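The values are calculated or read from the model by the stated rules, or taken from the named source; none is laboratory data. Since we're looking at a predicted model, the values are computed, not measured. Cβ: placed from backbone, ideal geometry, glycine included. Neighbour counts: every protein chain shown.
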Amino acid sequence: MDGFDRRKERKKDSIYQAAIELFKAFGFRKVSIADIASKAGVSPTTIYNHFGTKEGLVRHVIRRLLEETVHKYWAIMDSDRPFLEKLDLIIFDKTELSRQYEGELVQAVASNDPVMQEYVESMYQEAVKRLAAFFQEGKRLGYINPDVSQEATLLYFDILRRGFLAHPEVFQSPEHNAELVRDLASLYMYGLMGRRNDSLQTQE
């Protein structure tokens, strides 16, 4: 990469940093290209030259944000922390993400934009092996029912994932969201009956 390309990438990154800071505070809709240009210290024309449209910039920001988030989750999964702590860190982080961007991040990911849908789906397919290993760890440690097949576990996770994407309104109320997401996570892990205890198991 020559000097021109390095300067180009630095300028592109400064636009990204300015955009994500403004989007996080005010959401995608309220922030204009002029706002981002002013914060990044570039002209609006420079942004259009790099990203084409505001929609192109938003797509770029969401893609980078998702990549960074997924890599953070992989680092958590690969760490030496206890399984439930790993799970809690990931759930809590998702809750915090939903509080930011004026609740518009999940809506953008779940939108009918075919480019975004294709990207999200490709990311999920790449993540399946990592998720399978994580769920296998949960089974080995006794947190996930070992009698449920890996195929069923992954299918169940995918059904819930698609359900979340079909209901982005879940993330539109930050005040209510933290408790709701944790309740949904609890339902995912333990079902409607809650965490099974010894007395229930002895009755079977």
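Answer with yes or no whether S98 is modelled with pLDDT of 90 or more and of a type in the set (S, T, Y).
Against the criterion (modelled with pLDDT of 90 or more and of a type in the set (S, T, Y)), S98 does not qualify.
Among the listed residues S186, S199, S111, identify the single one that is among the hydroxyl-bearing types (S, T, Y), assigned to a helix (DSSP H, G or I) and at pLDDT 70 or above.
The unique qualifying residue is S186.
Per-residue answers, yes or no, for (1) in a helix (DSSP H, G or I); (2) charged (D, E, K, R):
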site: H71; (1), (2): yes, no
site: D80; (1), (2): no, yes
site: E85; (1), (2): yes, yes
site: L97; (1), (2): yes, no
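Could you check R10 against (1) assigned to a helix (DSSP H, G or I); (2) crowded, with 18+ Cβ neighbours inside 10 Å; (3) of a type outside the set (D, E) and say which number it fails?
(2)
Under 8 Å between Cβ atoms, which residue pairs at least 6 apart in sequence (or on different chains) link something in region 145-166 that is under 11 Å from V128 (Cβ atoms) and in contact (Cβ under 8 Å) with a residue 24 or more places away in the chain with a partner that is surrounded by 13 or more Cβ atoms within 10 Å (Cβ to Cβ) and not hydroxyl-bearing (S, T, Y)?
That search, which allows pairs on different chains as well, returns L154/L131; L154/A132; L154/F135; F157/L131; F157/F135.
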